[in-house]
Structures are given as structure tokens and as C-alpha cells.
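Structure first, then comments.
The values are calculated or read from the model by the stated rules, or taken from the named source; none is laboratory data. Please read all numbers here as calculations on a predicted model, not as lab measurements. Cβ sites come from the backbone with ideal geometry, for glycine too, and all protein chains shown count toward neighbours.
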Amino acid sequence: MTRLGETLRAYQARDPAARSRLEIFLLYPGVHATLYHRLAHFLYRHHMKFLARLVSQWSRFWTGIEIHPGAKIGRRLVIDHGMGIVIGETAEVGDDCLIYHGVTLGGTGKDQGKRHPTIGNNVLISTGAKVLGPFKVGDNSRIAANAVVLSEVPPDATAVGIPAQIVKIAGHSTHYADEVDQTSVKNPTLERIAALSDRVEALEKLLDTKFTEKKTAGAVPAQSPEQEKS
Ligand SMILES: CC(C)(COP(=O)(O)OP(=O)(O)OC[C@H]1O[C@@H](n2cnc3c(N)ncnc32)[C@H](O)[C@@H]1OP(=O)(O)O)[C@@H](O)C(=O)NCCC(=O)NCCS
């Protein structure tokens, strides 16, 4: 009952449209899915896998939220709207997370055993986001709407896009390219051409010196090598 009470309070705190706890309890599919999952997870842990699956499928039919009975769900999870959510068997979700409709915590099909992500505490997973694979999403992170996250997300980060990139950590932008001093960037091709030009110049000077030395010694005709060619 304590867990239900704190979950209802979490919905009230996170959803500005929520009016009363009674309304949340009676009408919010996220609350129903969480309650069904607690029963399904209990049955799963006690090796009643068929019954566990039955409860989870009933919950899916009723709420549009499919949480595998094996998934570990933390306290005060808020699932807003709810339709089209899939949470895989080896997924773990920490405390105080907020998940919107259309989210998948799934596998890529490439892993055995632990195949689904481990979500930290106080993580926001926005609408339509897919988090795929057995990696961690750090505490207090935000996964943007429609992002496809394929690798670990550090704590306090914002992950955006397909495949998701970390665009912010602890409120600071990680757009490293913007921080580069564009006016002092050197062109490596021009630098190489300049180095080759310096070498050619040095070789020409050396050749001239040798030629002058030999001419002085009378070992070569009076014409320079270039003059001889022409
Ligand atoms: C990601 C999100 C939570 C904002 O997090 P934040 O840490 O405050 O990040 P910011 O808003 O500062 O955005 C950081 C950058 O990511 C970009 N960005 C944000 N959300 C994005 C998205 N879904 N897809 C692509 N880029 C996105 C921003 O444009 C910004 O880019 P810039 O630095 O080049 O300007 C928010 O944008 C979001 O996706 N919310 C969805 C919530 C939701 O599901 N609501 C459904 C209610 S029904």
C-alpha cells in the first residue's frame, strides 16, 4: 500500500493534468500496468512463468503497456499515457523514472542473457524513444523524444537523435565542434605542400653550392646544369 501511495503521489507531482489520487488510481493505465507487473513479477520469481505471462498479457491488452514479468521495476515509476510501451525481460528500471508512450526498452537481437538496458534513477525516457541493448543509462539522464539509444549514457546526460548522441552533460553542451577556434585551424594539405616546397628550395641551394665548388675547382664546364640541358 505504501508503494501504491508513493506512486500515486509521483503521478500527481509529474503530471500537471492529474487532479486527484483517486482519479489517478482509477483511470491511469500506467498505475494499472505497474500493479499488474508486481503480481506478474512475483509469479515469475516463484517459477509460475505461464501464469506470470498470462497476467502480463492481460495487462498489455488492458493498458497497451507490455512489461515482461522478468523485468525489474523500481519505485515510483510514472508511465504517462502508456500506449505502445515495451519493457523487455532483462530490463531494469531504477527509482523515480518517467516513461512516456511509445518507449521500448529492448534488445538488438545480438545479445544473449542480459539483452535489455539498465535504467538508473530519476531518468526521463521521452515519447517514442528506443533504448536497445544491455548497457546502462546513468542517473538523472534524459532521453529525447524519438531517440534511438544504442550505447551507454552517462549520468546527468541528455541523449538525442538516431543513433543517439550525448548533447548535454549536467546542463553543459557537448557540441565540441562549436568550441574549436575556427580561425586558427590549420590545413594539413597546405602545410605538407609548404614543407615539400622548403625541401626543394634547400636541395636547389645545395646543388648550386656543389656546382659552384666544382666550377671553381675547374672540374665542370662554365655552364650550369640547367644551361647545359637547354
Ligand atoms: C530531451 C528533452 C527532454 C530536453 O532535454 P534538455 O536536457 O533540456 O535538452 P535541451 O532542450 O537543452 O536540448 C539540447 C539539444 O537537443 C536538441 N533536442 C532536444 N530534443 C530533441 C529531440 N527530441 N530530437 C532531436 N533533437 C532534440 C535541442 O534542439 C538542443 O539542440 P541545440 O543544442 O543544437 O540547440 C526534450 O527536448 C524532449 O525530448 N522532451 C520530450 C518529452 C516528452 O516525451 N513529452 C511528451 C509529452 S506527451
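Against the list (1) under 37 Å from the mean Cα position of the chain (by Cα); (2) modelled with pLDDT under 85, the condition Ala222 fails is (1). Residues in segment 76-101 that are on the phi > 0 side of the Ramachandran plot, within 13 Å of the ligand (Cβ to nearest atom) and buried (at least 20 other Cβ atoms within 10 Å of the Cβ): Gly82 only.
For Gly138, are the conditions met, namely being more than 14 Å from the chain's Cα centre (by Cα) and in the same structural domain as Ala10 (by TED's automatic domain parsing)? So Gly138 fails the test.
Within segment 37-47, identify whether any single residue is in contact with a Phe, Trp or Tyr (Cβ under 8 Å, 6 or more places away or on another chain) and farther than 25 Å from Gln12 by Cα, and answer yes or no. No, because not a single residue in segment 37-47 is in contact with a Phe, Trp or Tyr (Cβ under 8 Å, 6 or more places away or on another chain) and farther than 25 Å from Gln12 by Cα.
I'd like the residue in segment 125-137 that is within 16 Å of Val78 (Cα to Cα) and crowded, with 19+ Cβ neighbours inside 10 Å and, out of all such residues, is nearest to the ligand (Cβ to nearest atom). The qualifying residue nearest to the ligand (Cβ to nearest atom) is Ser126. Of all residues in segment 138-148, exactly one satisfies the criterion of being closer than 20 Å to Thr108 by Cβ, surrounded by fewer than 17 Cβ atoms within 10 Å (Cβ to Cβ) and within 7 Å of the ligand (Cβ to nearest atom), namely Asn146. Selection of segment 94-114 for residues being within 15 Å of Val137 (Cβ to Cβ) and among the basic types (Lys, Arg) yields only Lys114.
Looking only at segment 149-174, residues that are within 11 Å of the ligand (Cβ to nearest atom) and within 10 Å of the chain's Cα centre (by Cα) come to 10 in all. In segment 102-124, the residue that is surrounded by the most Cβ atoms within 10 Å (Cβ to Cβ) out of those that are closer than 21 Å to Ser56 by Cβ and β-branched (Val, Ile, Thr) is Ile119.
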